[in-house]
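These notes are about the structure you will find just below.
A short reminder: the numbers here are calculations on the coordinates, not readings from a lab. Everything numeric here is computed off the predicted structure, so don't read it as measured data. Neighbour counts run over all protein chains shown; Cβ positions are idealised from the backbone, glycine included.
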Amino acid sequence: MTNLIHHFVPKTEFESYEDFKENFEINIPDNFNFAFDVIDRYAETVPEKVAFIWCDDDGNEKIMTFGELKKETDKAANLFKKHGIQKGSAVILTLKSHYTFWICLPALHKLGAIAVPATHMLKERDIIYRLEKSGAVGIVGIKEGGLDLIFDEALQNIGKPDFLKFNVGGNSDGAVGWLDFEAELAESSPDFVRPTGAEAATLSDDMLYYFSSGTTGFPKMVAHNFAYPLGHILTAGYWQNVSDNGLHYTMADSGWAKCVWGKMYGQWIWGTSVFIYDYDRFDAGNMMAKIAEYGVTTFCAPPTTYRFFIKEDLSKYNFSTLQYCVVAGEPLNPEVYEKFKEFTGMQLMEGYGQTELIVCIATLPWMTPKPGSMGKPVPCYDIKIIDREGKECDVGEEGEIVVGVSENPGSENISKLPPGFFKGYKFDDEKTNDSWHDGYYHTGDTAWKDEDGYLWFVGRTDDIIKSSGYKIGPFEVESALIQHPAVLECAITGVPDPVRGQVVKATVILTKEYKDKASDELKKELQNHTKKITAPYKYPRIIEFVDELPKTISGKIRRVEIREEDEHLKKEE
Ligand code: ATP
Ligand code: MG
């Protein structure tokens, strides 16, 4: 065995979920630093072990061992240091799925600096927001979509023309002042000495600022400390079920927290290599071909990806190496679960988490999945469902998902916090205190628990519709609607109504076959279809056909935007 898990977890094998829940623990070493204590330790003991396999659509490929990665991260740390980056400096990384991300992130960890990964799809307004929120002093970025030009403009506009800027893969015409990261890296010294004393980062220092997806409002800047990577021992080991010497692929570019859920921390501690596919445009067929070609053993993606997979001819691909598939990020419609199982024989294991947390509710290896349910709480996470008065809900009763946390925001008592738990929304105490108070962290999501202890997602608390005394979660109605062949995608929202409080509205994108059949008749048909599948009071009284749904950059439906646009539908009393 060549993994490092036993340095952090005294017992890894469990007989049942109950055994796991009760007896699993993580030991957090003092001054743990992922870059030194995982990457460099592998480099010393098994330098030939593969850290990652990277490829793109143009036939380029890069395989990096831990021996090489230690060298590259040392060089990058020295390079950053030469340009003034030090403990506590924030550096933005907009590297999409370029392998340089896997060098820069640990290099910043080595310095005790703060990495601020961000998606490459940002517009000027988003960039200014991130620059101002994070107080970043530098960036390493790609030029895709003219990102470098947009950055130049944004920096000019906020009066920071002297910002430290590194490009990877060249610049757009007209970009000014960008340094060539790869050229400078090649010249940089390969020996970096681990800082000690006051220069070393402590466990509770800021290590990473990730922005949330912005589904409910402006993206929140979530701060994680140096103990955070250890929380993902749970994510990778027991939800994704990665194996020593396997090849794990999580579909997520480096701009989203899902990237570190699935492409570095937990995976490497468990000894699995990670697969990075740097594609320009998502194509389900290409992705499945890469999974087959490289022999991916475990796979993680959001529901939409599986929705696209099942539309392809899955028998064309050789998935003989693929052993385990998990899904998270949005609710999984049972329909997708069943089809995927029918085609591949594999059960999709669902997980639930947030940028603020790790995967804290999941269908774990000992459990029989219940399609549509997220699963059960992972160890070290005291998950409860509570009502508006703060009372724990009964079986079957809907309430908010909360995490019991004995510490208050700002606590440096890391061992008392659930592993992987965030520090707070940086520079926004008001938001932090809104969600984390009186012994609980409030997730803002609503769910219910069944008699077997499985948790079922209902919707974001803000998205729950209250109509004639009923509470209606959008997910259930959406799942019912999507089973109709006319519906490609849909979003359920509430429209204010003087009599009922709110009425259910469906905003629907029609499938190709039904595109030109939008009519009142079809609306009736969809309403009847919903009434047949779910409790009739949940059927959408209003249906609107659209070509597009408002989404976050990461592809989540923004129901809040539909609600805002529907303000005009509000009937006067
Ligand atoms: P913002 O907080 O900025 O509004 P966001 O909450 O979408 O955006 P993320 O942290 O990326 O940002 O996503 C976490 C959210 O995704 C959860 O709070 C939940 O609403 C949703 N989610 C994650 N996993 C699941 C799942 N298995 N089923 C249903 N919803 C899920
Ligand atoms: Mg959120």
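Each of V38, A198, W102 was placed along the dipole of segment 31-226 (beta-carbon charges, centred on the mean Cα), and the one lying farthest toward the positive end is A198. Rounded to the nearest 5, what % of DSSP beta bridges with both residues in the chain are antiparallel? Antiparallel bridges make up about 60 percent of those DSSP assigns within the chain.
Mind putting a number on the dipole of segment 484-573 about its Cα centre? Charges go on the C-beta only, +1 for Lys and Arg and -1 for Asp and Glu, and I need it in Debye to the nearest 20.
460 debye
Take every Cα pair under 8 Å whose residues are at least 6 apart in sequence, average their separation, divide by the length of segment 461-554, and the relative contact order is 28 percent.
Can you give me the angle between helix 147-157 and the longest principal axis of the chain, using Cα atoms only, in degrees from 0 to 90, rounded to the nearest 10? Roughly 90 degrees between the two axes.
Taking the inverse of the mean reciprocal distance over all distinct Cα pairs, the Kirkwood hydrodynamic radius of the chain comes to 24.8 Å.
Dimensions of segment 386-429 along the principal axes, based on C-alpha atoms and rounded to the nearest Å, stand at 36, 24, 16, largest first. Relative contact order for segment 38-149: 23 percent, from Cα pairs under 8 Å spaced at least 6 residues apart, divided by residue count. Of the residues A77, Y425, I114, the one whose Cα sits farthest toward the positive end of the charge dipole of the chain, with +1 on the Cβ of Lys and Arg and -1 on the Cβ of Asp and Glu, is Y425.
In segment 469-572, what % of DSSP beta bridges are antiparallel (nearest 5)? Please report the intermediate quantities before stating the final value.
On the way: 11 of 15 bridges.
Taking every DSSP beta bridge with both residues in segment 469-572, the antiparallel ones total about 75 percent.
Evaluated at q = 0.11, 0.18 Å⁻¹, the base-10 log of the normalised Debye intensity for segment 469-572, with identical point scatterers placed on the Cα atoms, takes the values -0.31, -0.86.
Regarding segment 31-226, what is the average projected area of its C-alpha convex hull, in nm²? Walk me through the numbers before you get to the answer.
Values: hull surface 46.7 nm².
Here the figure is 11.7 nm², rounded to one decimal.
Taken about its Cα centre, the chain carries a charge dipole of roughly 360 debye when the Cβ of each Lys and Arg holds +1 and the Cβ of each Asp and Glu holds -1. Our summary gives segment 180-249 a relative contact order of 21 percent, counting only alpha carbon pairs under 8 angstrom and 6 or more residues apart.
Kindly flag which residue pairs out of K423/K505; K316/K523; K339/K431; K258/K515; K123/K517; K258/K431 have an alpha-carbon separation exceeding 30 Å in this structure.
On the way: K423/K505 38 Å; K316/K523 37 Å; K339/K431 41 Å; K258/K515 34 Å; K123/K517 36 Å; K258/K431 22 Å.
In this structure, K423/K505; K316/K523; K339/K431; K258/K515; K123/K517 lie more than 30 Å apart at Cα.
If R0 is taken as 25 Å, the Cβ-Cβ distance between E330 and H6 corresponds to a FRET efficiency of 0.10. Here segment 51-122 is described by how far its Cα atoms reach on the three principal axes: 37, 34, 16 Å, from widest to narrowest. Relative to a virtual label point 7 Å from the Cα of D313 in the Cα→beta-carbon direction, which members of segment 321-364 show backbone nitrogen distances below 19 Å? Counting only backbone N, you get 340, 342-345.
Ranking A535, A506, L549 by how far each Cα lies toward the positive end of the dipole of segment 469-572 (charges on Cβ) leaves A535 at the top.
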